[in-house]
Amino acid sequence: MKKPNETATLKEAIALLKLKQAEDLLQLKDQYYHTYESLKPVNLIKNAFGQMATTSEFKGNILSNVIGITTGYLTKKVLLGSTQNPIKRILGTLLQFVITNVVTKHSEKVKENDLQNS
């Protein structure tokens, strides 16, 4: 039997390792590109809003929050108008905050009652 030449075997192993290294480098570059693209602020925001917009719970929360904020703002404007008194402005902001929270928390009950009455 002929003994394989160790130099030839070593050269073949080196060639295989170089091919594997080149393939791994291509995969690494591809993964880097995908990671770079996914971490761009525009893509992060787009993905976040895309995921949030698909859930029905989020849609309901947006509506509740918009109703609450609008009600709080309108109440503040109706009761206080545009005052220059800093104490009234602080109290108006607190009133707006309280009304916004109350309306937001109880908007689900209002929606349920509205659906039952329809």
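Identify all residues within the stretch 82-94 that are closer than 27 Å to Ile62 by Cα and open to solvent by less than 60 Å² (accessible area, probe 1.4 Å); write none if there are none.
Gly92
Mind counting the residues in the stretch 30-64 that are modelled with pLDDT of 80 or more, open to solvent by 70 Å² or more (accessible area, probe 1.4 Å) and of a type outside the set (Val, Ile, Thr)?
Selection size over the stretch 30-64: 12.
The values are calculated or read from the model by the stated rules, or taken from the named source; none is laboratory data. Everything numeric in this text was worked out from a predicted model, so none of it was measured. Note: areas computed on protein heavy atoms with side chains; ligands, DNA, RNA excluded. Shrake-Rupley method; radii C 1.70, N 1.55, O 1.52, S 1.80 Å.
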